[in-house]
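The values are calculated or read from the model by the stated rules, or taken from the named source; none is laboratory data. Keep in mind that what you see is a predicted model, and the values were worked out from it rather than measured. Cβ sites come from the backbone with ideal geometry, for glycine too, and all protein chains shown count toward neighbours. Just so you know, the surface numbers come from the protein's heavy atoms only, side chains and all, with ligands and any DNA or RNA stripped out. Shrake-Rupley method; radii C 1.70, N 1.55, O 1.52, S 1.80 Å.
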Amino acid sequence: TDISALKKLVEVAAEDKWHKKAKAMLDSGKLSNPLRDDWEDKAGYPEECTFLSAKSDRQPGMVLNVRGPDGRPKGVDPEDIRDTFYPGADVRFSITPFAYDVNGNKGVSFALNNIQKVSDNDRLDGRVSAEDDFEATEEEELLDMRD
C-alpha cells in the first residue's frame, strides 16, 4: 500500500509547529510519529507492515459500505460495533493530523474522525466468538426448568 500521502500529512503537521526543524526531528525520533513499523512487537501483524495510531476522545462515526434506506452509507447498531469492527477488518477512515507538545512529549498524531467497514478479513487478534469457543452441553428446556 502506498502510504506516501500519510507520510506527507505527518510532515506538514510537524512543519506547521516546528518549521524547518521538523524533518530532522522526525527523522531522529525526537518527535513521536503515528506511522509505526514495529510490527515485530505486535502479535499477528504481517511482516514489514506499517500501521498507524489514531485517537479520539469521542466514539467515531461508524458506517458500512452498503446503502441505507436514504442512499447514504448504512450506520451500525451500537450493540454490533465490536462484532462489526475488529482487528483485521478492512476499513476506510477519515483522520486529521495534528502536532502536539505537552509536558515534554512532542510529536504528531492523527485524530480519528469516522470509519467505514469495507469488508471482512481474518482477525489479527485470533479472537473467536463465544458460540465458536464453547460447546453446548444442555438443552434449553432443562435450563428453563431450573429457574
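Taking the square roots of five times each eigenvalue of the Cα gyration tensor of the chain, the equivalent ellipsoid has semi-axes of 40, 20, 15 Å, listed largest first. Backbone phi angles across segment 50-60, fed through the Karplus curve with coefficients 6.51, -1.76 and 1.60 (θ = phi - 60°), yield HN-Hα couplings of 10, 10, 10, 9, 9, 10, 8, 7, 10, 4, x Hz in residue order; Gly and Pro are listed as x. Cα gyration tensor of segment 61-147, axes a ≥ b ≥ c as square roots of the eigenvalues: rounded (a/c below 1.5), prolate (a/b > b/c) or oblate? Because a/c hits 1.5 or more and a/b exceeds b/c, segment 61-147 counts as prolate. Entry note, segment 35-113: relative contact order of 26 percent, from Cα contacts under 8 Å with a spacing of 6+ residues.
For the residues 4, 53, 109, a 1.4 Å probe over the protein chains yields an accessible-area ranking, largest first, of 4, 53, 109. Computed over the chain with a Gaussian network model linking Cα atoms closer than 10 Å, the most mobile of 32, 129, 56 is 129.
Rolling a 1.4 Å probe across all protein chains gives residue 133 an accessible area of roughly 100 Å². Highest mobility in the GNM of the chain, judged by mean-square fluctuation with C-alpha springs under 10 Å and restricted to 77, 27, 132, is found for 132. Excluding same-chain neighbours fewer than eight residues apart, the lysines reachable from residue 74 by a Cα-Cα span under 24 Å are 55, 117.
I want the antiparallel fraction of DSSP beta bridges within the chain, as a percent rounded to 5. Taking every DSSP beta bridge with both residues in the chain, the antiparallel ones total about 70 percent. If the chain linking residue 102 and residue 139 were pulled fully straight, counting 0.36 nm for each residue of separation and taking away their Cα-Cα distance, it would gain 7.6 nm.
For the chain, modelled as a GNM whose springs connect Cα atoms under 10 angstrom apart, the maximal fluctuation among 69, 97, 60 occurs at 69.
Relative to the longest principal axis of the Cα atoms of the chain, the long axis of helix 4-18 makes an angle of roughly 50 degrees. Estimated at 0.36 nm per residue, the fully extended path between residue 51 and residue 123 surpasses their Cα-Cα distance by 24.4 nm. Along the axis of the charge dipole computed for segment 1-146 (Cβ charges of +1 for Lys and Arg, -1 for Asp and Glu, origin at the Cα centre), the listed residues 18, 126, 71 are led at the positive end by 18. Comparing Cα centroids, segment 32-65 and segment 5-30 end up 19 angstrom apart.
Relative contact order of the chain, taken over Cα pairs closer than 8 Å and 6 or more residues apart, is 24 percent.
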